[in-house]
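Asker: This is the structure I have questions about; it appears just below.
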Amino acid sequence: MIKEFRDFLFRGNVIDLAVAVVLGAAFGAIVTSLVEDILTPLLGLLGIPDFSTWVITVGDAQMRIGVFLNTLISFVLIAVAIFFVVVKPYQRIAAMRAKPDEVTGPTEVELLTEIRNELRQGAMRQA
């Protein structure tokens, strides 16, 4: 059983997945910092306030609407950052790597028509 567990751990898929999770977490920290430290302060320049203090009190409960709005704004900014920093450059690189379509030859119908014409010309020459 220990040997099977060791084999499971050292299969390529598990190692690849572990590396992906670690890199994903590190990349998540980078994107979060980009949004919180760079993009969100820019919203202040545009006149969009920090909503974190906006609270609605209903009886003894507090609905922190502002925290939700800040989280929603962060989500949108993270999505925009990932789109422009990861997705668009990846699409550009993938397009550059794509092989151009090979020049295609004549279709079957064109080839058969050509063969027919050659056969007719050959028959006319013999007659």
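Asker: Let me know the shape class of region 15-82, please: from the alpha-carbon gyration tensor, a ≥ b ≥ c as square roots of the eigenvalues, rounded when a/c is under 1.5, otherwise prolate if a/b is greater than b/c, or oblate.
Answerer: Taking the square roots of the gyration eigenvalues as a ≥ b ≥ c, region 15-82 is oblate.
Asker: Take the chain, connect every pair of alpha-carbon atoms lying under 10 Å apart with a spring to form a Gaussian network, then pick out the residue of Val19, Val58, Val85 with the largest mean-square fluctuation.
Answerer: Maximum among the listed residues: Val58.
Asker: Could you tell me the extents of region 58-119's C-alpha atoms along the three principal axes, largest first, rounded to whole Å?
Answerer: Principal extents (largest minus smallest coordinate, Cα): 95, 26, 8 Å.
Asker: Roll a 1.4 angstrom probe over the protein heavy atoms and tell me the percent of accessible area of the chain that is carbon or sulfur.
Answerer: About 68 percent, which is the carbon plus sulfur part of the accessible surface.
Asker: Name the residue from Thr71, Val55, Phe84 whose Cα lies farthest towards the positive end of the charge dipole of region 30-99, charges +1 on Cβ of Lys and Arg and -1 on Cβ of Asp and Glu.
Answerer: Checked the options; the winner is Phe84.
Asker: Taking only the alpha carbons of the chain, what extent do you get along each of the three principal axes, in Å, biggest first?
Answerer: Principal axes ranked by extent give 107, 58, 31 Å for the Cα atoms.
Asker: What accessible area per residue, rounded to a whole number of Å², is obtained for the chain using a probe radius of 1.4 Å?
Answerer: 88 Å²
The values are calculated or read from the model by the stated rules, or taken from the named source; none is laboratory data. Please read all numbers here as calculations on a predicted model, not as lab measurements. Here Cβ is always computed from backbone atoms with ideal geometry, including for glycine, and neighbour counts include all displayed protein chains. In case anyone asks, the SASA skips ligands and DNA or RNA and just uses the protein heavy atoms, side chains included. Shrake-Rupley method; radii C 1.70, N 1.55, O 1.52, S 1.80 Å.
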